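Here is the structure we will look at, set down as structure tokens.
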Amino acid sequence: MKIFETRTAPNPRRVRMFMAEKGLLDKAEFVEIDLQKGENLTPEYVARNPMKKVPVMELDDGTCIAETMAICRFFEESYPDAPSLLGDTPLEKAQLEQWLRWIELFFFMPTGMCFQHTTGYFKDRMNPIKEWGEECGKSVEKFMHFLNKQLEGKEYICCDRFTAADINAFTTVAFARVVGIRIKPEHTNLQAWYDRIKARPSAEA
């Protein structure tokens with residue numbers, strides 16, 4: 001199978017980190033897509049993913065699966081003997097779904113909007129609104145404060161173990177640095193958690 005990605009982008013990093021934790025990086029060929037050159041806008045790429053985003057996984061039979069968590073779900077279900085990252089029990093799965101949604105809606109999405117609307121990276125194909133980007137940046141900082149409180153006395157975000165929630169939050173914190181948003185000195189719980197996750201081999205995937 002192939003995974004079409006942009007290595008510096010946060011969504012592909014989430015997939016690589018997920019696969020690395022499960023020991024599955026050798027299961028796919030990674031194909032680099034240059035977003036700034038618009039390689040994701042070509043007819044060939046749009047045929048794989050009409051949303052024109054990365055990553056996209058193409059199976060050996062030509063079936064294509066887009067969206068980060070859909071790809072992660074494929075690997076979670078396809079390799080049940082690998083370490084579980086999306087929950088084992090009904091309660092864990094429900095807790096993880098809650099956290100994945102919170103992280104996606106209130107942390108990752110605002111970070112992406114801050115990037116797109118304040119940097120002008122995609123100004124050739126969108127109308128960036130700087131004020132909206134700045135407002136999104138404020139939302140990112142609020143969620144970091146929320147995470148800092150959540151991590152008090154905890155090693156991981158939920159389920160008392162490392163999960164996809166930690167992967168998605170970690171890669172978002174790392175990506176936020178691109179727009180100048182960093183963990184504040186007073187967020188000691190968040191910083192300690194970030195350092196723990198960064199020390200994992202999968203963080204270098």
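The values are calculated or read from the model by the stated rules, or taken from the named source; none is laboratory data. These figures come from a predicted structure and were not determined experimentally. Reconstructed Cβ throughout: ideal geometry from the backbone, glycine too, with neighbour counts over all protein chains shown. Protein only, heavy atoms only, side chains kept; ligands, DNA and RNA dropped before computing areas. Shrake-Rupley method; radii C 1.70, N 1.55, O 1.52, S 1.80 Å.
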The stretch 94-205: Rg/Rh from Cα coordinates, Kirkwood Rh? 0.99
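Taking the Cβ of residue 82 as the centre, find all other residues whose Cβ is under 9 Å away and add up their charges (Lys, Arg: +1; Asp, Glu: -1).
Overall, the nearby charge balance is -2.
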At q = 0.13, 0.19, 0.22 Å⁻¹, what is the log10 ratio I(q)/I(0) for the stretch 1-117, with the Debye formula run over Cα points and no solvent? -0.55, -1.11, -1.35
In the stretch 138-174, GluC sites (Glu not before Pro) in a DSSP loop with at most 11 other beta-carbon atoms within 10 Å: 152
Under the Karplus relation with 6.51, -1.76 and 1.60 and θ = phi - 60°, whole-Hz ³J(HN,Hα) for the stretch 161-169, x at Gly and Pro, equal 7, 5, 9, 4, 4, 5, 4, 5, 6
Tell me what the chain gives for mean residue ellipticity at 222 nm when only DSSP H runs of n ≥ 4 count, each as -39,500 (n - 2.57), the sum divided by the residue total, rounded to 500 deg cm²/dmol. -15000 deg cm²/dmol
Solvent-accessible surface (1.4 angstrom probe) belonging to residue 198, in square angstrom, nearest 10: 110
Once Rh is set to the Kirkwood radius over Cα pairs, what Stokes-Einstein translational diffusion coefficient, in µm²/s, holds for the chain at a temperature of 25 °C and a viscosity of 0.890 mPa s? 138
Hz values of 3J(HN,Hα) by residue in the stretch 34-42 - Karplus curve (6.51, -1.76, 1.60), Gly and Pro given as x: 8, 5, 5, 7, x, 5, 7, 9, 6
Determine how large the accessible area of residue 39 is when every protein chain is in place; take a 1.4 Å probe and give Å² rounded to the nearest 10. 80
Could you tell me which trypsin sites (Lys or Arg not before Pro) in the stretch 65-128 are loop residues by DSSP with no more than 13 other beta carbons within 10 angstrom of their beta carbon? 123, 125
Picking from 133, 42, 100, whose Cα lies most toward the positive end of the charge dipole for the stretch 24-141 (charges on Cβ: Lys, Arg +1; Asp, Glu -1)? 133
Share of the stretch 1-109's accessible area from carbon and sulfur, percent, 1.4 Å? 54
With a ≥ b ≥ c from the Cα gyration tensor eigenvalues, square-rooted, and the rule rounded for a/c under 1.5, otherwise prolate when a/b > b/c and oblate otherwise, the stretch 53-140 is oblate
Report, as a whole number in µm² per second, the diffusion coefficient that Stokes-Einstein gives for the stretch 144-201 at 37 °C and 0.692 mPa s using the Kirkwood radius over alpha carbon pairs. 286
Enter the accessible area per residue of the stretch 7-94 (Å², integer; probe 1.4 Å; all protein chains in place). 54
Pairs of lysine residues in the stretch 38-143 - Cα separation under 20 Å, sequence separation of 8 or more or cross-chain: 4
Among residues other than residue 128 whose Cβ falls under 15 Å from its Cβ, what is the net charge (Lys/Arg +1, Asp/Glu -1)? -1
